[in-house]
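Worksheet: one structure, shown below.
No lab work stands behind these numbers, since they all come straight from the coordinates. Everything numeric in this text was worked out from a predicted model, so none of it was measured. Positions of Cβ are generated from backbone atoms using ideal geometry, with glycine treated the same way; all protein chains shown enter the neighbour counts.
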Amino acid sequence: MDNCRWCGGFLNSNLKIHFILSFKPFIPKTLCDKCESLFTLPSREESCVDCGRFQASQKRCQDCEKWLNQKQQLNNQALYLYHGIIKEYLERYKFKGDYRLHSLFQTRINSLIEADELVIPIPVTKSTMKQRHFNQVTGMLGEIEFLDCLVAKPKAQAQSEKGRNERINAQQPFEINQKLVSKIKSQKVVLIDDVYTTGTTLHYAAQLLRENGVQSVRSITLAR
Amino acid sequence: MNQLDITGRLLPDTACDEMILNNHALQFQPAIQINHTTIHCTRCASDCEKAEAQLPDETYFCYQCFNLGRLDSSMKLVHLPGINQFEVVHPVLTWKGRLTELQQKCSDEVVKAFQEHQNKLLWAVTGAGKTEISFAGIAWALAQGLRVGIASPRVDVCVELYPRYQAAFANTSMILLHGKSEEPYQYRQLTICTTHQLLRFQDAFDVLIIDEVDAFPYANNDSLQMAAKRSVKKHGSLLLMTATPSPKLRQQYQVSYLPLRFHRHLLPKIKIHFCFNWKRKIYAGKIPQKVIFKVLQKIERQQRFLLFVPRIKDLQVVDEILSKKYHGEKCWKTVYSADEARMEKVQAMRDEKVLFLITTTILERGVTFPGIDVIIFGGDERVFSVASLVQIAGRVGRKASRPTGDVDCYIGSYSSNVAEARKQIAEMNRKGKALG
Ligand SMILES: [Zn+2]
Ligand SMILES: [Zn+2]
Ligand SMILES: [Zn+2]
């Protein structure tokens, strides 16, 4: 790799002597210095304690108050705001499908995961998979180990179930892969998704995992 | 969507309706060919490294023509050979202008080339009236019910050409296609588009004109050149137009040559001024006094102009210094290729809302602002190729009522590009004089 994955410019990956002497593991660069600085993480001091929404205080935000009232607390950590360069990134990677950009944030996501946590990605539907040929969430995880135990129901099916089953179940967009259900029992789970918008998706996934016997659930998203 | 929307096109099957796909006349080919270490894209004819192009489910995508919508190895490209189904409304040519004797000669040669299914290079100096010269040939083709394409590597050029062709062929259906326009594709007798859009055509045009054929990114881009050839029908004609053809182009094609401007005045010469340390100055965030003086003088005289700088990052330096040195209300804007507001800024210049633009080679050609001068700052930098310098100088003196103007070029050393550009202008003026 001699080109920056974002701007396509030349990558100067010469090892500097002080780096070699530092005995740190060498991680090959994927971004040039200029683009690296574009993707600088925002400071995380002022954000909602639950969902990671960036706001003026560290109090729980209104959305999360609502979830709490429904006894569905979920702690989410977001790396970035869904804005500017990250919006552009997801447009190119997820919607247009430039898979070369999949692992740009692997290291940053990895640094937020604890050693004893089980990583579970939010899945995409079969029809999305057929068209996109990848799940943007597992793509983002890169080399990070995960358990792909959630299955996204087709959108149409989720609709038609309405009225037949109880309301909450009709809206539940996921199912558990029964073959893997034993592997999640009593685990500390961290759910991964690309964007946290209203939190609905992650809350449904968390609820389903709790019903299937996990010890705890929290979540990490690239953007909020 | 109907079958006309796909005739002469090369589209992924995923973009077509089920009904269209059932047409027996359709031709299918795999979008991506998988080879040993690379993949080959049928649409853009590029090779991609397998390792880079791989998707996790063992399909591959082309990252070269990605911006036109991702093609992957699970797709097929669909094509329906070009059919012409146009209603010809007379008069086809609604342009009321008249050609000069010299323009007429080139125009006749173009008509003849189209009639005889020949390819041709129209080499006409800046301001010779290439567009008007092309009208008669296009009118002939349209009147025969043939399909015509006009493409340029530069989106600005397409945007400027479109209303001119609309006025000249007011009874003909046409469409403008480029990456920044929202308008969806439609089957039209006359298509004006960027050369990138040609990647979506195959055997479509009976006549294809490529304006500013030596401009970036078309020149030296095998993929775009392949697309241009592929978009022309087997017995169609390709007309290339430019003021600055490379020696290679001049050899490859039969040439129609016009060395004199439509108003019969000679091309403005490039005046050089030495600023031996301009490079060191700009690194230190400064620009030579001479350049500042020239700019202030033009502002003083309310003379409209373009100020060319070598690099995008120089724009800001020059902008800041001028803001400090000039105390009146800011009367300029900076423009570069990836500038979001590029089209608006060019329009502001056209509407005389600003006195001048500070820009890079992106505005070297295609765009015409009547009665302007130009200043080239750092003309000895390599980005100013011979063709660039000739084109930039060619922005000046385009109006019959102001057929001259100043081209001031500030250099640190007398580079071979500057010398060659001056030589070419002198040569064309010598030939022009002999005709005029
Ligand atoms: Zn970069
Ligand atoms: Zn919150
Ligand atoms: Zn391609």
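Residue-by-condition table, conditions (1) surrounded by 20 or more Cβ atoms within 10 Å (Cβ to Cβ); (2) of a type in the set (S, T, Y):
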| site | (1), (2) |
| --- | --- |
| B:R350 | no, no |
| B:T368 | no, yes |
| B:D380 | yes, no |
| B:F384 | yes, no |
| B:Y414 | no, yes |
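Conditions (1) touching a residue at least 40 places away in the same chain (Cβ under 8 Å); (2) closer than 19 Å to A:L222 by Cα; (3) away from ligand 1 (no atom under 16 Å from the Cβ); (4) of a type in the set (F, W, Y), marked per residue:
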residue: A:T30; (1), (2), (3), (4): yes, yes, no, no
residue: A:E36; (1), (2), (3), (4): no, yes, no, no
residue: A:F39; (1), (2), (3), (4): yes, yes, no, yes
residue: A:E46; (1), (2), (3), (4): no, yes, yes, no
residue: A:K59; (1), (2), (3), (4): no, no, yes, no
residue: A:Q72; (1), (2), (3), (4): yes, no, yes, no
Original post:
So which helices (runs of 4 or more DSSP H) are wholly in the range A:76-147 and hold at least 3 residues that are under 21 Å from A:K188 (Cβ atoms) and more than 14 Å from chain B (Cβ to nearest Cβ)?
Top reply: A:106-110
Subject >> Matching residues, the range B:46-87, being touching a residue at least 60 places away in the same chain (Cβ under 8 Å) and among the hydrophobic types (A, V, I, L, M, F, W, C) >> reply: B:C65, B:L68, B:M75, B:L77, B:V78, B:L80, B:I83, B:F86
Original post:
Has the range B:90-107 got any residue that is outside any strand (DSSP E or B) and either within 14 Å of chain A (Cβ to nearest Cβ) or over 30 Å from B:Y257 (Cα atoms) (or both)?
Top reply: yes
**OP:** Output the number of the condition that B:L26 fails; it satisfies all remaining conditions of (1) more than 16 Å from ligand 1 (Cβ to nearest atom); (2) touching a residue at least 12 places away in the same chain (Cβ under 8 Å); (3) within 12 Å of chain A (Cβ to nearest Cβ).
**Re:** (3)
Original post:
When you go through B:C65, B:C48 one by one, which is the residue that is surrounded by 14 or more Cβ atoms within 10 Å (Cβ to Cβ), closer than 18 Å to B:F201 by Cα and either more than 16 Å from ligand 2 (Cβ to nearest atom) or within 11 Å of chain A (Cβ to nearest Cβ) (or both)?
Top reply: B:C65
**OP:** Among the residues of the range B:25-71, count how many are in a strand (DSSP E or B) and near ligand 3 (Cβ under 10 Å from one of its atoms).
**Re:** 7
Subject >> Exclusive hit being away from ligand 1 (no atom under 16 Å from the Cβ), without any contact (Cβ under 8 Å) to a residue 40 or more places away in the chain and among the hydroxyl-bearing types (S, T, Y), set B:T38, B:T100, B:T94 >> reply: B:T38
